[in-house]
2 protein chains.
Amino acid sequence: MSSASNSPVLETARRAREAAAVLAPLSREARDRALLAVADALVARTAEIVDANIVDVEKARAAGTAESVVDRLTLTPERVAAIASDVRDVVALPDPVGEVVRGSTLPNGLELRQVRVPLGVVGIIYEARPNVTVDAAVLCLKSGNAVLLRGSSSAYASNTALVNVLRDAVAGAGLPADAVQLVPGESRDSVKELMTARGLVDVLIPRGGASLIRTVVQESTVPVIETGTGNCHVYVDEHADLDTAVRILVNAKAQRPSVCNAAETVLVHEAVAGEFLPMALAALGEAGVTVHGDERWQAAAQGGEEQGATVVPATEEDWETEYLSYDIAAAVVPSLDAAVQHIRRWSSGHTEAIVTRDQGAARAFTARVDSAAVMVNASTRFTDGGQFGFGAEIGISTQKLHARGPMGLPELTSTKYVVTGDGHVRP
Amino acid sequence: MSSASNSPVLETARRAREAAAVLAPLSREARDRALLAVADALVARTAEIVDANIVDVEKARAAGTAESVVDRLTLTPERVAAIASDVRDVVALPDPVGEVVRGSTLPNGLELRQVRVPLGVVGIIYEARPNVTVDAAVLCLKSGNAVLLRGSSSAYASNTALVNVLRDAVAGAGLPADAVQLVPGESRDSVKELMTARGLVDVLIPRGGASLIRTVVQESTVPVIETGTGNCHVYVDEHADLDTAVRILVNAKAQRPSVCNAAETVLVHEAVAGEFLPMALAALGEAGVTVHGDERWQAAAQGGEEQGATVVPATEEDWETEYLSYDIAAAVVPSLDAAVQHIRRWSSGHTEAIVTRDQGAARAFTARVDSAAVMVNASTRFTDGGQFGFGAEIGISTQKLHARGPMGLPELTSTKYVVTGDGHVRP
């Protein structure tokens with residue numbers, strides 16, 4: 001707190017810390033009122049938001065950005081309305097703050113309660129999509145935290161407009177405007193400063209590409225929650241129902257390949273490889289997937305299937321690649337044990353699935369795979385806060401401390417022990 | 001895992017990771033059996049342990065180490081027996097592994113369970129006392145983790161002997177010996193290597209002095225749980241029962257000044273300062289405490305009390321000092337709000353206490369103080385895993401992520417989502 005530095009980033013963090021002190025003891029009612037004001041303001045000031053967004057979109061087009069990326073950057077009145085509607089959904093979620101996680105009366109009469117409290121100041125470092133700006137800010141406010149938003153420079157005008165709207169609405173509802181702040185500066189330096197603001201910022205959550213996340217994890221002295229990288233596996237057991245296995249494999253890979261819970265590797269038990277590989281190649285081919293296969297998969301592709309997937313030889317690099325595209329690495333393994341070993345070695349710890357009818361195989365796989373989520377006879381695509389019924393998601397943690405898997409509102413809190421006595425001293 | 005480095009420390013971490021994979025799916029029965037074997041072996045091989053300890057003790061005496069430190073280093077047959085008895089107590093504690101933290105059946109029929117699992121590989125960096133070696137290893141094993149122990153070089157012979165006993169006992173019970181390993185090397189370099197073993201070590205817990213903890217927090221790329229620094233406050237409210245306040249203050253400061261939950265600062269509401277300060281000075285003087293006071297406390301000391309505590313002028317440094325001795329910083333504040341501000345600015349976030357008969361004051365203080373534990377009319381000395389009824393403690397976290405306050409067995413676990421369907425795919 002007594003840092004000599006007067007950088008704009010640290011100044012922002014100091015103001016966030018002061019706002020957090022005001023937010024922490026507020027009632028749910030006060031926080032919800034501010035969030036409803038945010039939803040109203042987004043709708044009322046849509047023109048201002050869309051105008052600012054046009055600046056970013058034109059800049060992106062001028063820079064030759066791919067049209068799919070431009071589309072993700074674009075805000076229309078309909079999209080702003082949808083964002084506002086999402087805000088109202090968050091307001092309706094249960095309040096994590098104040099929940100008594102554990103409580104007891106100790107033998108000496110002391111009353112012990114472990115109570116959920118906000119983390120304090122949450123920093124979110126993210127890329128591209130401006131809807132994340134509102135989404136992240138609203139989840140932080142709902143859980144009683146002040147938020148520092150460090151979005152992509154390609155969305156700077158949109159983010160600035162959105163944060164202005166948010167700050168005005170929050171202040172209008174009687175909360176400190178500094179509960180929501182955009183981190184100043186478009187350069188990487190502002191990220192670096194944020195990463196060293198230990199004592200001012202309680203946690204950093206990077207959301208975006210693997211290189212951004214790696215940088216933050218390695219360089220930050222502020223505690224980090226690692227999110228998102230998903231090198232997910234589907235293991236087809238010797239006792240799998242093969243039609244089910246094909247359906248899950250194609251869904252896990254191709255239903256939406258660009259997201260972290262899409263499958264990137266399929267492992268097949270050798271006892272069913274002879275029957276399964278042709279079925280899988282046909283279905284994957286139909287879905288437009290290229291297979292990066294081991295020798296068995298390469299051989300299967302040459303076995304005369306008329307319209308199966310293209311198979312290219314897999315290298316060791318394929319086992320660790322998160323393609324996020326219509327590509328999948330594929331191998332045949334001699335046993336469930338070998339599948340578990342492969343996964344333990346190469347997985348990013350996000351989600352793995354087993355397809356099997358055998359109870360013992362399911363039990364062994366779920367016990368021994370060390371990932372945030374393990375699916376039995378279900379697609380990896382289900383690892384998601386919305387699908388899990390959390391109603392909201394700030395990211396999917398692939399680390400083991402604090403939060404693992406989809407993070408909802410409770411994961412944006414810490415706890416505090418409140419101990420009440422009547423003059424108790426240690427004997 | 002594919003690191004090119006062949007350092008002995010990383011090699012140790014790799015073996016720990018392999019051991020962790022074996023430990024994770026084991027039943028409680030198998031883990032408890034190994035821990036009972038450890039308790040038996042400690043008793044059976046006491047002579048070997050005490051002999052090794054004599055080497056450390058003689059080295060410490062030759063180096064002119066203070067006798068109080070030598071005492072903490074010393075292992076006698078009685079102390080070894082007490083350590084073995086503590087191991088049996090841990091065996092009896094509830095198993096955190098496998099607990100279903102959350103569970104539901106989703107609308108689509110998927111069965112969702114969030115299950116406690118071991119963290120994997122836990123690294124403990126600690127100082128001096130060899131009993132921590134057994135204590136930390138046993139808590140990690142009970143919670144299904146492999147442990148890397150990096151103790152003080154001053155206890156190297158003792159730790160080596162203890163770890164040999166532990167490894168033999170664990171292996172004799174059918175668990176991998178590498179579930180318990182001493183990190184090789186006595187230099188600081190081995191700590192540095194441990195801090196960079198991201199991907200091999202899941203968490204580092206430094207236990208010891210402030211400088212050790214600061215180094216680990218700032219330099220480690222492995223996630224860290226910060227423990228122990230306790231700049232704890234006692235606030236005497238305007239509505240305090242002053243006799244209760246004196247009793248709590250003296251207990252918090254002087255019952256055992258060398259520990260992290262001892263009080264280091266007392267703040268007194270000005271409305272009761274005239275009456276309270278002379279009472280406090282008399283009691284603190286009797287307990288042998290030196291007061292580092294603001295002007296009000298200095299003036300009170302000159303007010304004619306015949307045998308009160310010595311009062312020296314407080315400087316700003318006193319507000320942030322963890323004395324761990326018979327010293328206390330002392331100030332008079334104009335309001336509860338000012339007390340909260342002082343605490344928010346200077347506290348290490350460990351434990352703060354309010355003494356008050358006023359319900360509103362208690363409520364405001366507990367809501368607004370941002371520390372791991374807040375005591376109402378009770379001594380700060382109660383922040384302790386044993387006192388809280390956890391049966392064991394690996395340390396007291398002063399950070400907000402993952403664990404806050406005394407850490408028992410559940411805090412040595414992560415969770416995993418297990419999701420079971422019958423061929424579910426995302427529509």
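The values are calculated or read from the model by the stated rules, or taken from the named source; none is laboratory data. This is a predicted model, so every value here is computed, not measured. Positions of Cβ are generated from backbone atoms using ideal geometry, with glycine treated the same way; all protein chains shown enter the neighbour counts. The protein model used for the area step is the full one, side chains on, heavy atoms only, and it has no ligands, DNA or RNA in it. Shrake-Rupley method; radii C 1.70, N 1.55, O 1.52, S 1.80 Å.
Before moving on, here are some points about what is shown:
- The label-point distance for A:E29 and B:S258, in a model that sets each label 7 Å from Cα toward Cβ, rounds to 5.2 nm.
- For the rotational copies A and B, the chain A residue with its Cβ nearest the relating axis, together with that separation in Å, is A:H402, 2.
- Across the identical copies, how the B:R363 labels are spaced - nm, sorted shortest first, 7 Å along Cα→Cβ: 5.2
- Peptide B:107-117, shielding by other chains (average Cβ, 10 Å cutoff): 3
- Placing +1 on each Lys and Arg Cβ and -1 on each Asp and Glu Cβ, with no other charges, gives chain B a dipole about its Cα centre of roughly 1720 debye.
- P(r) tail fraction, region B:232-387 - alpha-carbon pairs more than 18 Å apart, %: 51
- Rg over Rh for chain B works out to 1.03, both radii taken from alpha-carbon positions and Rh defined as the Kirkwood radius.
- In this structure, the amide hydrogen of A:V117, modeled 1.01 Å from its nitrogen in the peptide plane, lies closer than 5 angstrom to those of A:G98, A:S414, A:T415, A:K416, counting only residues at least 5 positions away or on a different chain.
- About the centre of its Cα atoms, region B:54-108 shows a dipole size close to 120 debye [charges on the beta carbon of Lys, Arg (+1) and Asp, Glu (-1) only; nearest 20 debye].
- Farthest towards the positive end of the charge dipole of region B:2-65, among the residues B:A19, B:A60, B:V43, is the Cα of B:A19, using unit charges on the Cβ of Lys, Arg, Asp and Glu.
- Cα lying deepest toward the dipole's positive end in chain A, options A:N377, A:T415, A:T133, charges on Cβ: A:T415
- Accessible-area composition of region A:232-387, carbon plus sulfur, in percent [1.4 Å probe]: 43
- Using the rule -39500 (n - 2.57) for each DSSP H run of four or more residues, divided by the residues of chain A, the 222 nm mean residue ellipticity is -13000 deg cm²/dmol.
- Shown for region A:15-80: the carbon plus sulfur share of the solvent-accessible area, taken with all protein chains present and a 1.4 angstrom probe, equals 58%.
- Total charge dipole magnitude, region A:126-208, about the Cα centre, Cβ charges on Lys, Arg, Asp, Glu only, Debye to nearest 20: 160
- Rough spin-label spacing in nm, given labels placed 7 Å along Cα→Cβ, for B:A171 and B:D422: 4.9
- Taking 0.36 nm per residue of separation and subtracting the Cα-Cα distance, full extension of the segment from B:E18 to B:S68 would add 14.0 nm.
- Dipole of region A:232-387, positive end: most advanced residue of A:V333, A:Q387, A:M279 [Cβ charges, Cα centre]: A:Q387
- Pairwise FRET efficiency - B:V312 versus B:Q341, Cβ, R0 = 30 Å, nearest 0.05: 0.80
- The residues of chain B have, on average, 38 Å² of accessible surface per residue, using a 1.4 Å probe with all protein chains present.
- Distance in nm between pseudo-label sites at B:E11 and B:E48 (7 Å out along the Cβ direction from Cα): 2.3
- Neighbouring partner chain Cβ atoms per residue of A:211-221, average, 10 Å criterion: 1
- Local net charge near A:R256, Cβ-Cβ under 9 Å (Lys/Arg +1, Asp/Glu -1): +2
- GNM flexibility winner over chain B from B:L204, B:L182, B:L93 (Cα, springs under 10 Å): B:L93
- Pairing chains B and A buries close to 6000 square angstrom of accessible surface in total, based on protein heavy atoms and a 1.4 angstrom probe.
- Sites B:A271 and B:E295 - FRET efficiency at Förster radius 22 Å, r taken between beta-carbons, to 0.05: 0.80
- Take the Cα radius of gyration of the protein assembly as shown and divide it by 2.2 N^0.38 Å, N being the number of residues; the result is 1.01.
- ³J(HN,Hα) computed for each position of region A:319-334 - Karplus, 6.51 cos²θ - 1.76 cosθ + 1.60, integer Hz, glycine/proline x: 5, 9, 8, 9, 5, 6, 8, 7, 9, 8, 7, 8, 9, 9, 10, x
- Inter-chain Cβ neighbour average for residues B:363-370, partner chain, 10 Å: 5
- Whole-angstrom gap from region A:325-399 to region A:7-65, using each part's C-alpha centre: 36
- Around the amide H of A:Y235, modelled in the peptide plane, lie the amide H atoms of A:L267, A:A353, A:I354, A:V355, all under 5 Å away and 5 or more residues distant in sequence or on another chain.
- Restricting region A:265-345 to GluC sites (Glu not before Pro) in coil, as DSSP defines it, with at most 14 other Cβ within 10 Å: A:E306
- Histogrammed with a bin width of 10 Å, the alpha carbon distances of region B:38-193 distribute as 10, 35, 30, 14, 7, 3, 1, 0 percent, first bin at zero.
- Residues whose amide H lies under 5 Å from that of A:D327, counting only those 5 or more places away or on a different chain, are A:T290; hydrogens are built 1.01 Å from N in the peptide plane.
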